[in-house]
Amino acid sequence: MNAYSGRLLERWRSGDPHAFEEVVNCFHGPLLSYLISLLHHIQDAEDVAQDTFFRAHKSVHQLRDPAKLWEWLKRIAHNLAMDRAKNSRRSGFATDPSEIQTIAEEVQVSSPDAAEAPDETWSQLSLEVIVEAIEGLPEIYREVAVYHYLQEWPYGKIAQALGIEPAAARQRIRRANKLLRSVLMHRMLKRTSPT
Amino acid sequence: MTCDEYQSEFPLYVGHQLLPEEDAEIIAHLQSCALCRQALEEERQFARAVHNVSLPFREASQNIQRSAQKAIRREPQVIPSHRLPESPRMRLAIWSVAAALALIAVVLLRHPGATEIDHVADWAIENYPLIDQTHALRGDPATVRAWFREHHQIDISPPVNVDYGKLVGCKMAEMGRDPAPLLRFNGRETSAVFILPARFAATFNAMGNRDISRDGFRIVVWAEGGNPYLKISRLM
């Protein structure tokens, strides 16, 4: 991310509006994943992510070091998330009921075989579980996992976002897949094993 | 390659992201290796489960991008105070230009999305001949990918679970291209439906369906399910 974010930051600081859109495009996935792991509520995470980018846009001139762009965004997000968590009495992971219906319909339309009975191993899988597993990965694989699994970006786009060669992106996807499946399998087995 | 190496390619294989020759190599290996066939089926189940439960994430992701696009249209540039010129005359000149631009923006906003519609309409009309070429494409995703790579030097990622009897394209916006290639082609009506980059959804949502006729084509744009669509038909 650092090589690309250097040029991006300079354009953003100089007032290029397209640079802001690129920043959002590049960072909103990892930021959303981070916020879901903090807040355990997707709507809150989405709201805080939006607020984070607006606040960052207002104060981008304060950031000097492009290498710190991601950490800076995370810090803003973390502070906003803590304020949000203090003001919220929610617990657990929730989705608006009408949203569940819409998503269910979309799954029916876009994934005709999603109606098949899911394999037992993954029947307990949820977005929160995946996000927690991804956030527990080493950073080098965490970003790739967000882009590949949650945003479903092709590896060429992932390579561009990370400022690496496509072959390197493919290698990270392979490794992230092994790690993630191992972590998730372990969690799924813990959940389904008799107590 | 060892079985371990083949299996490490399965995440990209089930996502249709490998080159045709890589696909062919895996397919050939699967014909003689029950272990890898089993591993592939497990990877498919995992990928399907992740895809289904992560839909809310992509919805939220689109919302964040749309909201940022709206915000940047309202306030495209943030000029830190320390960068404003000191001279009152220069400041007056700058604010006058800003006021004029704001006035132009108000005029444009009375026809929301007009320039964007023209932009996508231009693109659709220009790329219509592509439909006549791509509609003949059938079959597996690897063939379609290879065609786009050879003829247009772009690398598309067809979505999982695509019925290639009907769909021959996907969102190019994911690859940084603007707008998007063919989603569906109906040979009898000579019409085609494109799915556009997510950033157009905000404009289409705001102005509702638009239906224009230009240069021998009818173009309809609309937003549905959070996605912006364009349909182009040749006027007979």
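The values are calculated or read from the model by the stated rules, or taken from the named source; none is laboratory data. Model, not experiment: these values are computed from the prediction. Every residue, glycine as well, gets a Cβ built from its backbone with ideal geometry; the counts of neighbours run over all protein chains shown. Keep in mind that these areas ignore ligands, DNA and RNA; they rest on the heavy atoms of the full protein, side chains included. Shrake-Rupley method; radii C 1.70, N 1.55, O 1.52, S 1.80 Å.
B:ARG37 sits among other residues whose Cβ lies under 13 Å from its own Cβ, and their net charge, with Lys and Arg +1 and Asp and Glu -1, is -2. A:LEU189 contributes about 100 Å² of solvent-accessible surface, heavy atoms of the protein only, 1.4 Å probe. Residue by residue along A:40-46, Cβ atoms of other protein chains within 10 Å of the local Cβ number 3 on average. For B:PHE200, the solvent-accessible surface computed with a 1.4 Å probe is close to 0 Å², ligands and nucleic acids excluded. Per-residue Karplus couplings for region A:27-40, computed as 6.51 cos²θ - 1.76 cosθ + 1.60 with θ equal to phi - 60°, are listed in order as 9, 5, x, x, 5, 4, 4, 4, 6, 4, 5, 7, 9, 6 Hz, Gly and Pro entered as x. Neighbouring Cβ atoms from other chains, within 10 Å of the Cβ of residues in B:34-47, number 2 on average. Put A:GLU21, A:GLU46 in order of accessible area, highest first, and with a 1.4 Å probe you get A:GLU21, A:GLU46. Counting only other chain Cβ atoms within 10 Å of each residue's Cβ, the peptide A:151-161 averages 5. Region A:49-83 and region A:158-186 have Cα centres lying 26 Å from one another.
Neighbours of A:ASN79 by Cβ distance under 12 Å: Lys/Arg scored +1, Asp/Glu scored -1, total +3. Accessible area ranking (1.4 Å probe, heavy atoms, ligands and nucleic acids excluded), largest first, for B:CYS36, B:CYS3: B:CYS3, B:CYS36.
B:SER32 sits with roughly 100 Å² accessible to a 1.4 Å probe, with DNA, RNA and ligands left out of the calculation.
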